[in-house]
Amino acid sequence: MRARREETNGQRGSRSQYALANQILDIVRDRRLEEGDRLAEVALATQLGVSRTPVRAALSLLAEEEIVRARPNQGYVLLKGWTALKSTILAAPSSSDDELYLDLIRERLQGDIPNTVTQTMLLDRFKTSRAVLLRTLSRMAEEGIVTKNKGRGWTFQPAIDTSVAMRNSYDFRIMVEPAALMLDTFEIDMVALDRARARHLWLLEQGEILAPSSLELFAIDAQFHEMMAGFSNNSFFVQAIQHQNRMRRLLEYQGVQPVQRIVTWVKEHMEIMDALCANDRELAARRMRSHLENAYVSTMKLTAEAQKAAAARSKAKTGGRQNAPRRRERNDVSAESDLAG
């Protein structure tokens, strides 16, 4: 396998810095801050629960985007007000960590790496540095994809990676997610809802040039469904949806999305939020059910198309011979799945 490119000193910022910069933008929108308002490092660090150093790095990224400006001995001030930033999201550049992350997922789904792996095995297979590998494994552990063994190695957690598991997952979600919207304890957090609407509008405004990564799409989709469950104020519903997101994350990070399908599921999310804004929870529940049903149909259609294409590539590569190594039978859901719900 080819050697992987390593990070360079010239890279603009880490993924965590971009995430923090986007959190600062959320604060600007939540507080309705205007052009010229000051952003205090100490206050931001306290609100975000981090030290001043990462906040300063995130503000530097915003300065590069001409969203804020540093003033000597005065910190940073906004160059744009919250209305101008309503749909602004900073996308982190791809890195060697991302490449390894996606390669690990791809090869796991294809059955090329076992359930339990060691660092030595992965270093030899992917030709990367120990630092990049450890960062990637730690990130996967945080997302519930792998767990560190008590002894040596790491173990991949159960995932939705068969057509039966996919159907069962959607059956469960179709029962649970609309029901969460109808609970007596349901209460909308309008700040969170406005923030989610802004992110969805940002996607729609991209039009034909829309090209977010599968990681960004999954994050927006997962956050939306967890937010809806969170409005129920019932921790069991929230935990159930978080668990479903962890299990489908492995597969859906490999999603290959037609632009029109992205637009469709974003509009479906918007319709659910619009119904909630109109205080019509019954309509929101119906739209949630329809959204999840459409997502399942679209997922299985794309899966069938991807499997057909993969079979054709395999046949061409082997010249029609049937002696190619067999993949694991359980991985009958293609890695080219749909991030539709």
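Conditions (1) charged (D, E, K, R); (2) within 24 Å of the chain's Cα centre (by Cα), marked per residue:
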residue: Gly111; (1), (2): no, yes
residue: Gln119; (1), (2): no, no
residue: Leu134; (1), (2): no, yes
residue: Leu137; (1), (2): no, yes
residue: Ser163; (1), (2): no, yes
residue: Tyr170; (1), (2): no, yes
residue: Glu177; (1), (2): yes, yes
residue: Leu183; (1), (2): no, no
Among the residues of the range 299-313, which ones are buried (at least 20 other Cβ atoms within 10 Å of the Cβ) and modelled with pLDDT of 70 or more?
-> Thr299
Scan the range 228-245 and give yes if some residue there is open to solvent by less than 40 Å² (accessible area, probe 1.4 Å), at pLDDT below 80, closer than 24 Å to Met300 by Cβ and under 12 Å from the mean Cα position of the chain (by Cα), otherwise no.
-> no
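May I ask you to list the residues in the range 255-281 that are at pLDDT 85 or above and out of contact with any helix residue (DSSP H, G or I) (no Cβ under 8 Å at 6 or more places or on another chain)? If you could, list the steps in order and put the result at the bottom.
So the first thing to find is which residues in the range 255-281 are at pLDDT 85 or above, and the list is 263-281.
Asp274, Ala278, Asn279, Asp280 - these are the residues of the range 255-281 that are at pLDDT 85 or above and out of contact with any helix residue (DSSP H, G or I) (no Cβ under 8 Å at 6 or more places or on another chain).
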Which residue pairs have Cβ atoms closer than 8 Å, lie 6 or more positions apart in sequence or on different chains, and pair a first residue in the range 28-41 that is on the phi > 0 side of the Ramachandran plot with a second residue that is open to solvent by less than 90 Å² (accessible area, probe 1.4 Å) and not aromatic (Phe, Trp, Tyr)?
-> Gly36/Val77; Gly36/Leu78
Pairs, first in contact (Cβ under 8 Å) with a residue 40 or more places away in the chain and over 12 Å from Thr128 (Cα atoms) in the range 96-113, second acidic (Asp, Glu) and surrounded by 16 or more Cβ atoms within 10 Å (Cβ to Cβ), C-beta under 9 Å, six or more apart = Arg108/Asp161; Leu109/Asp161
Filtered residues of the range 141-158 (kept if under 26 Å from His291 (Cβ atoms) and open to solvent by less than 20 Å² (accessible area, probe 1.4 Å)) | Ile145
Sort out which residues of the range 85-140 are loosely packed, with under 15 Cβ neighbours inside 10 Å, part of a loop (DSSP other than H, G, I, E, B) and among the hydrophobic types (A, V, I, L, M, F, W, C), and write them in order of number.
-> Ala91
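Can you tell me which residue within the range 188-198, out of those that are open to solvent by 40 Å² or more (accessible area, probe 1.4 Å) and modelled with pLDDT under 90, is nearest to Glu143 (Cα to Cα)? If you could, list the steps in order and put the result at the bottom.
Residues of the range 188-198 open to solvent by 40 Å² or more (accessible area, probe 1.4 Å): 188-191, 194-195, 197.
Pick out the ones that are also modelled with pLDDT under 90 and you get 191, 194-195, 197.
On the way: Val191: 25, Asp194: 26, Arg195: 23, Arg197: 24 Å.
The residue in question is Arg195.
Go through the range 66-81 and give me each residue that's modelled with pLDDT under 90 and either among the charged types (D, E, K, R) or within 15 Å of Ala21 (Cβ to Cβ) (or both). Spell out how you get there, then give the answer.
The first filter runs over the range 66-81 and keeps only residues modelled with pLDDT under 90, leaving 71-75.
Listed by number, the list holds a single entry, Arg71.
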Tell me, yes or no, whether the range 165-184 has at least one residue that is open to solvent by 50 Å² or more (accessible area, probe 1.4 Å) and either of a type in the set (Ser, Thr, Tyr) or within 30 Å of Arg31 (Cβ to Cβ) (or both).
-> no
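Residue by residue, here is whether (1) at pLDDT 95 or above; (2) among the aliphatic types (A, V, I, L, M); (3) over 25 Å from Ala219 (Cβ atoms) holds:
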| residue | (1), (2), (3) |
| --- | --- |
| Leu137 | no, yes, no |
| Met166 | no, yes, no |
| Arg173 | yes, no, no |
| Phe186 | yes, no, no |
| Trp202 | no, no, no |
Just name the residue that is surrounded by the fewest Cβ atoms within 10 Å (Cβ to Cβ) out of those in the range 59-68 that are part of a helix (DSSP H, G or I) and in contact with a Phe, Trp or Tyr (Cβ under 8 Å, 6 or more places away or on another chain).
-> Ala63
Filter pass, Ala84 being touching a helix residue (DSSP H, G or I) at 6+ places or on another chain (Cβ under 6 Å) and of a type in the set (A, V, I, L, M, F, W, C) = no
What are the residues in the range 1-18 that are open to solvent by 50 Å² or more (accessible area, probe 1.4 Å) and either at pLDDT 85 or above or in contact with a helix residue (DSSP H, G or I) (Cβ under 6 Å, 6 or more places away or on another chain) (or both), if any?
-> Arg5, Glu6, Glu7, Gln17
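The values are calculated or read from the model by the stated rules, or taken from the named source; none is laboratory data. This is a predicted model, so every value here is computed, not measured. So basically every Cβ, Gly included, is an ideal-geometry build from the backbone, and we count neighbours across all protein chains shown. The protein model used for the area step is the full one, side chains on, heavy atoms only, and it has no ligands, DNA or RNA in it. Shrake-Rupley method; radii C 1.70, N 1.55, O 1.52, S 1.80 Å.
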